[in-house]
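This report concerns only the one structure given below.
The values are calculated or read from the model by the stated rules, or taken from the named source; none is laboratory data. Worth saying up front: this structure is predicted, and the values here are computed from it rather than measured. When we count neighbours, we look across all protein chains shown, and the Cβ atoms used for this are built from the backbone with ideal geometry, even at glycine. Protein only, heavy atoms only, side chains kept; ligands, DNA and RNA dropped before computing areas. Shrake-Rupley method; radii C 1.70, N 1.55, O 1.52, S 1.80 Å.
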Amino acid sequence: MSDLSGYFDYNATTPMSVVAREAWHEACDRFWHNPSSLYREAGMAKQELERCREEVADHLKIDEPERVIFTSGATEANNAIIRYLAETREGKLLVSAIEHPCVEAPSQSWFGGDRCHEVSVSSETGVIDLGEIKAQLEKSTVAAVSVMAANNETGTLQPWQELSELCRAYSVPFHSDAAQWIGKLPSGELESCDFLTGSSHKFSGGKGVGFMVIPEGSDDFNGLIGGPQEGGHRAGTENLPAVMAMVAALLDRSDSHLNEVATSSAASRDSFESKMITMGMMLIGACGPRLWNTSMFVLPHTRNLKWLTRLSQRGFSVSTGSACSAGRGNPSRVMSAMGLDYEEMGRVMRISAGWDTSSEEWDALAAAIEEVAADLAQ
Ligand code: PLP
């Protein structure tokens with residue numbers, strides 16, 4: 001594996017872990033047959049696929065493994081869920097203003113116009129306005145509520161547990177895109193969400209695979225049509241090597257390991273942030289609960305791309321985190337929901353560390369940023 005010491009873009013993607021690679025290789029050697037075929041080897045592949053489903057269900061404390069459906073990633077899973085909700089439920093979708101585009105775009109597309117209600121977040125904490133959701137549930141017909149578990153740009157954690165309880169009280173389904181939560185924090189009571197999605201490459205399991213959890217008895221749920229796979233809920237030959245790699249990576253991140261990482265890494269991240277504040281950076285969403293690995297801030301001067309290029313020359317990979325960073329495209333919806341103006345959005349930088357990022361690596365990044373600041377100030 002290449003040197004990861006300067007890699008600070010784990011929210012974008014992660015390298016495959018050793019256990020995931022081993023599982024993938026094993027699957028390519030032993031379980032490459034089509035799980036839907038009828039001979040002995042195919043039966044073994046099918047068995048392995050069902051073992052993986054049970055492992056994911058167990059990990060999420062879900063009693064019915066058949067509720068877990070493997071997909072090509074969280075984008076496909078979120079698209080399928082939003083379309084299903086739009087087609088099968090009356091009323092409007094309450095969706096947070098900071099969703100990933102793979103929830104936001106299908107929400108606009110399938111619910112559209114009057115049926116899609118965007119719920120604001122606090123500009124200080126980045127946390128959803130629960131009062132607004134309660135008021136909407138009280139006064140209007142709500143088809144579903146969709147709020148992500150952790151935000152990919154700011155790292156802000158959302159109160160999905162309260163939301164799932166609230167939705168249950170109104171008999172409204174609750175969907176949470178947990179792509180940035182699963183594998184970084186213990187899954188806790190995530191099973192309380194009716195619809196849930198996860199993405200393997202966010203937790204070192206490899207790209208092009210993920211999963212969704214759908215409620216029991218959703219017989220008419222069909223994410224992709226054209227084949228009987230995944231209990232009829234998602235057509236297409238299952239990518240068993242990718243699924244096996246994902247499950248190996250997921251199980252490798254035990255709750256105790258994640259709790260340890262969360263404590264030690266948050267301390268390194270906080271010390272890094274103190275240095276950034278001293279240098280005149282403005283932290284985004286710092287007053288709210290956040291993922292232990294993420295730090296987003298507005299740089300004091302000069303467009304973010306110049307910083308990113310200079311950091312890249314010094315061996316550090318960071319992200320601008322927003323679509324407007326290259327000076328084209330639309331302003332970031334997340335940044336705008338957090339109260340930033342257009343000019344500030346062009347100075348945003350996102351740092352996202354990994355499970356093994358050491359405090360020395362955080363210090364080295366801070367030193368490199370200081371150098372770049374001096375460079376750009378000339
Ligand atoms: N949801 C969130 C919050 C994400 O950060 C991402 C990836 O950037 C996705 C969904 C999409 O996941 P995938 O790449 O598996 O389609």
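Some points to look at:
- Matching residues, region 1-46, being within 30 Å of Asn151 (Cβ to Cβ) and polar (S, T, N, Q): Ser2, Ser5, Asn11, Thr13, Thr14, Ser17
- If only residues of region 164-185 that are surrounded by 24 or more Cβ atoms within 10 Å (Cβ to Cβ) and among the aliphatic types (A, V, I, L, M) are counted, the one that is nearest to the ligand (Cβ to nearest atom) is Ala179.
- For region 102-154, filtering for residues that are open to solvent by less than 20 Å² (accessible area, probe 1.4 Å), touching a residue at least 60 places away in the same chain (Cβ under 8 Å) and farther than 22 Å from Ser199 by Cα leaves 2.
- When every residue of region 48-59 is checked against the conditions, at least one turns out to be touching a residue at least 24 places away in the same chain (Cβ under 8 Å), in the same structural domain as Thr154 (by TED's automatic domain parsing), more than 16 Å from the ligand (Cβ to nearest atom) and more than 21 Å from Gln229 (Cα to Cα).
- Region 294-324 - residue that is touching a Gly at 6+ places or on another chain (Cβ under 7 Å) and in contact (Cβ under 8 Å) with a residue 60 or more places away in the chain and, of those, surrounded by the most Cβ atoms within 10 Å (Cβ to Cβ): Met296
- Within region 72-90, residues that are free of Cβ contacts under 8 Å to residues at least 24 places away in the same chain reach no partner that is open to solvent by less than 60 Å² (accessible area, probe 1.4 Å) and in a helix (DSSP H, G or I) with beta carbons closer than 7 Å at six or more positions or on different chains.
- Condition check for Val372: at pLDDT below 95 and part of a helix (DSSP H, G or I): no
- Where strands (runs of 3 or more DSSP E) fall wholly inside region 140-227, no range has 3 or more residues that are of a type in the set (Val, Ile, Thr) and farther than 27 Å from Gly112 by Cβ.
- Complete set of residues in region 186-203 that are among the charged types (D, E, K, R) and within 13 Å of the ligand (Cβ to nearest atom): Lys202
- Just one of the listed residues (Gly206, Gly210, Gly155) is more than 30 Å from Ala27 (Cα to Cα), within 16 Å of the ligand (Cβ to nearest atom) and not hydroxyl-bearing (Ser, Thr, Tyr), and it is Gly155.
- Applying the criterion of being without any contact (Cβ under 8 Å) to a residue 40 or more places away in the chain and in contact with a Pro (Cβ under 8 Å, 6 or more places away or on another chain) to the residues of region 226-280, the residue that is most open to solvent (accessible area, probe 1.4 Å) is Gly280.
- Residue count for region 88-133 satisfying the condition of being touching a Gly at 6+ places or on another chain (Cβ under 8 Å) and not in a loop (DSSP other than H, G, I, E, B): 1.
- Within the option set Arg40, Arg83, Arg67, Arg51, being open to solvent by 10 Å² or more (accessible area, probe 1.4 Å), in contact with a strand residue (DSSP E or B) (Cβ under 6 Å, 6 or more places away or on another chain) and charged (D, E, K, R) holds for one residue only, Arg67.
- Residue that is modelled with the lowest pLDDT [pool: residues in region 312-352 that are part of a loop (DSSP other than H, G, I, E, B) and touching a Ser or Thr at 6+ places or on another chain (Cβ under 6 Å)]: Ser322
- Of residues in region 2-33 being more than 25 Å from Thr237 (Cα to Cα) and of a type in the set (Asp, Glu), the one surrounded by the most Cβ atoms within 10 Å (Cβ to Cβ): Asp9
- Residue among Ala135, Ala150 that alone is away from the ligand (no atom under 13 Å from the Cβ) and more than 20 Å from Val68 (Cα to Cα): Ala135
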